[in-house]
Every structure is written in C-alpha cells, then in structure tokens.
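Here's the structure we're looking at; comments come further down.
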Amino acid sequence: MKLPHPIQYQGSKRNLASTILKYFPSDVGKLIEPFAGTAAISVAAAYEGYTNAFIINELNKPLLELLKLIIEQPCEIANFYEKIWNAQHKDSIKHYYTIREEFNRTNDCRLFLYLLARCAKGAVRYNKDGCFNQSPDKRRKGTMPQTMKKNIYGVSSLLKGKAKLSAYDYRLFLKELSENDLVYMDPPYQGVCGNRDLRYYSGIHYQEFIEYLGELNDKNISYIISYDGKTGHKTYGKKLPNQLELKHLEIMVGRSTQATLLGKNEITYESLYLSPALQNRLNKNQRNNEAKQLNIFESNHA
Ligand SMILES: C[S@@+](CC[C@H](N)C(=O)[O-])C[C@H]1O[C@@H](n2cnc3c(N)ncnc32)[C@H](O)[C@@H]1O
C-alpha cells in the first residue's frame, strides 16, 4: 500500500497498516482513533474504503491542529512548508533551532510540520516543561516541498469532509461509541519512564487503561490495540490481562536495527489485541463469506 504520509513520526503505524487492516470487520460504522498520532490507520482505512466516517483524536494539540490543517486546508500548509523549508538554505541547523524556539513560544502547528520533517529520526522529544527539545538531523534537510505537497493533498483527498477531529484524553470517547464502530488504539507504550514518556506529550496509566477496556467490553465495542511487543527474547511491557478476553496476536515489524548493530539477528514483533466483540464480528464475517462461497458453488451446479 503506497499511503500518503506528510508527517514524520516515530511510532507511526504506516508500515504496519496493511497487516492491521486485515483484522477490520467488513461493516465498519465509524472508525475511531483515540491515540491518532499521524492517523496512519485512518488514512489506510480511507484508502481501502472501509468507511466514510472517522473520529481522529490526539492529545498533543499542535499535532492534532496540524492534521486538521492538512485535511482541511492543504494549500495553506503546503505553501507554508515550502516557504519555511526554502528559508533554511543559508544555515539549516541555525534555522531549525530558530523555528524550534518559535514553535515552543507560539505552538504554531505549521512550524511543527517542518520540525518533524527535519528532526532526528522523526522522533518527538519533550523536556519536563513540555517544550519540544529534539535535535535536528544533521545529514538531512527534511522532505522536499514537492513531495510534501503530494503527501498533504493525498491525505486531504482521503479524509476531507469525513473526519471529526479533537484533542481530548482518550477516555472521553465512551459515549460516542456504538456496536458497529471500530476503535483502533495505539497508546504510548509502557515506556521506561513509568507514566511519563518523554517520547510523547503524555503517557497513560496502565490500570486506568485496563478499566477503560473493561468498560468497552461491557458496551460490546469492537476494538484493536497495538501495545508493546518483543525483540528476540526481550519482551516490552506487561501483557494485557486475561480477564479482558482479548485475542493476542504478534505481528512482525522487522529486524531490529539496534540488535543488528550489536551483531545479533533479532526480529521485532508488536502485540495486537482484538476485543471479544470484534472476534465475534470477524467470526460472523467469515461464516457469511463461507456461506456466500457455498451459494456461488451451489448456483454453478444448478
Ligand atoms: C504510538 S503514538 C500513535 C501513533 C499513531 N498510531 C500513528 O500511526 O501515527 C501514541 C499517541 O498517543 C498520544 N497520547 C498520549 N496520551 C494520550 C491520551 N491520554 N489521550 C489521547 N492521546 C494520547 C501521543 O501524543 C501519541 O501521539
């Protein structure tokens, strides 16, 4: 799948989207992404035509505002990016730090697009005061304006007029959900720094998350969660508890570059959990498909 992706973001699920979409039921009402990041799964689902109704939520406000601008005013953000990208030629490192300082002062989401394109590994980092403090990538100048424009317009054409965007905490979505919706959750991983994950604006509390999943189960909501995983024999984070009756799958991400650097050949897997309601829906879809195939087979022999 060649998906448009204007925002560089470590943790984006763009490369895993086609695998994750395999677990979508055929009849998705709304697709809800409470931890949207770059909304890679909504973009992929729109591209594949799963639904025309999306709720995209992301607590990091500048990131959410940037998504909104990309979807609703592609021309404005593409032109702004081109201007700011072209202004870096004299001294691109100094330019980056000037823009970073301006972004931390103003929170202007348009500056954020340039910082994400230009920062080391597309990895956001925040200091304890919530200021963006990632360094620039010294070797690259960031996505070329023409490529950026194509990606921006690509996302806009897939989601314009179909997506409702918000910057709330993930737990505020319970009331909006109904049984034919699908919720895809990609929360910050159970990081090394407890609930304070410097990779993101905010971490989440494990126990609160478990309770929230219990409430979703009580309402018979279909959901998919990406949550931690393992590299070689090393497992990250606690597994989600059995009482939630989730189906646990491991999807292959690829070879770990860090392990390869150390001369090891280790594969990284990510955990994917499917809710009980989703498991039922998928089983029903499969039975319907088998019945349809049987019908075709029977009519061929009539
Ligand atoms: C792993 S990233 C999601 C990446 C996304 N799937 C993508 O493809 O780009 C997790 C996101 O959750 C957001 N987040 C953290 N705490 C949150 C909360 N309490 N409610 C909503 N979003 C939150 C972070 O800002 C971060 O962007």
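The values are calculated or read from the model by the stated rules, or taken from the named source; none is laboratory data. For clarity, every value in this text was computed on a predicted model and none was experimentally measured. So basically every Cβ, Gly included, is an ideal-geometry build from the backbone, and we count neighbours across all protein chains shown.
When region 85-131 is examined, which residues are found to be among the basic types (Lys, Arg), within 15 Å of the ligand (Cβ to nearest atom) and either surrounded by fewer than 16 Cβ atoms within 10 Å (Cβ to Cβ) or more than 21 Å from the chain's Cα centre (by Cα) (or both)? Spell out the reasoning first.
Let us first name the residues in region 85-131 that are among the basic types (Lys, Arg), namely 90, 94, 100, 105, 110, 118, 121, 125, 128.
Filter once more, so that each one left must be within 15 Å of the ligand (Cβ to nearest atom): 121, 125.
The answer is LYS121, and nothing else.
The residue that is nearest to the ligand (Cβ to nearest atom), among those in region 29-48 that are of a type in the set (D, E, K, R) and part of a loop (DSSP other than H, G, I, E, B), is GLU48. What about GLY11, is it outside any helix (DSSP H, G or I) and either within 13 Å of the ligand (Cβ to nearest atom) or hydrophobic (A, V, I, L, M, F, W, C) (or both)? Answer is yes for this residue. Out of all the residues in region 116-131, is one or more aromatic (Phe, Trp, Tyr) and outside any loop (DSSP other than H, G, I, E, B)? Looking through region 116-131, at least one residue is aromatic (Phe, Trp, Tyr) and outside any loop (DSSP other than H, G, I, E, B). Scanning region 222-237 for residues being more than 18 Å from the chain's Cα centre (by Cα) and surrounded by 16 or more Cβ atoms within 10 Å (Cβ to Cβ) gives a total of 3. Residues in region 50-79 that are within 12 Å of the ligand (Cβ to nearest atom), buried (at least 19 other Cβ atoms within 10 Å of the Cβ) and in a helix (DSSP H, G or I): PRO62, LEU63, LEU64, LEU66, LEU67. LYS138 meets the conditions (1) of a type in the set (D, E, K, R); (2) touching a helix residue (DSSP H, G or I) at 6+ places or on another chain (Cβ under 9 Å); (3) away from the ligand (no atom under 16 Å from the Cβ); (4) at pLDDT 95 or above in every case but one. The failed one is (4).
Would region 92-113 turn up any residue that is closer than 23 Å to GLY130 by Cβ, in contact (Cβ under 8 Å) with a residue 60 or more places away in the chain, of a type outside the set (D, E, K, R) and out of contact with any Gly (no Cβ under 6 Å at 6 or more places or on another chain)? Within region 92-113 (the criterion being closer than 23 Å to GLY130 by Cβ, in contact (Cβ under 8 Å) with a residue 60 or more places away in the chain, of a type outside the set (D, E, K, R) and out of contact with any Gly (no Cβ under 6 Å at 6 or more places or on another chain)), the answer is yes, since at least one residue qualifies.
Across region 152-164, the qualifying residues are those that are touching a Phe, Trp or Tyr at 6+ places or on another chain (Cβ under 7 Å) and in a helix (DSSP H, G or I), and the one among them that is surrounded by the fewest Cβ atoms within 10 Å (Cβ to Cβ) is LEU158. Among the residues of region 165-183, some residue qualifies, meaning at least one is of a type in the set (Phe, Trp, Tyr), part of a loop (DSSP other than H, G, I, E, B) and either at pLDDT 95 or above or within 27 Å of ILE77 (Cα to Cα) (or both). Write out, first by first residue and then by second, each pair whose Cβ atoms fall under 8 Å of each other, whose residues are 6+ apart or on separate chains, and whose first residue, in region 16-38, is farther than 18 Å from LEU165 by Cβ and touching a residue at least 12 places away in the same chain (Cβ under 8 Å) while the second is polar (S, T, N, Q) and within 15 Å of the ligand (Cβ to nearest atom). Taking only residues 6 or more apart or on different chains, the pairs are LEU16/SER226; ILE20/SER226. Within region 144-171, residues that are among the small types (Gly, Ala, Ser) reach partners that are assigned to a loop (DSSP other than H, G, I, E, B) with beta carbons closer than 7 Å, at six or more positions or on different chains, in the pairs GLY154/PRO4; ALA167/GLU58; ALA167/LEU59.
Given the condition under 28 Å from ILE32 (Cβ atoms), more than 14 Å from the ligand (Cβ to nearest atom) and not aliphatic (A, V, I, L, M), answer yes or no: does some residue in region 145-153 qualify? Looking through region 145-153, at least one residue is under 28 Å from ILE32 (Cβ atoms), more than 14 Å from the ligand (Cβ to nearest atom) and not aliphatic (A, V, I, L, M).
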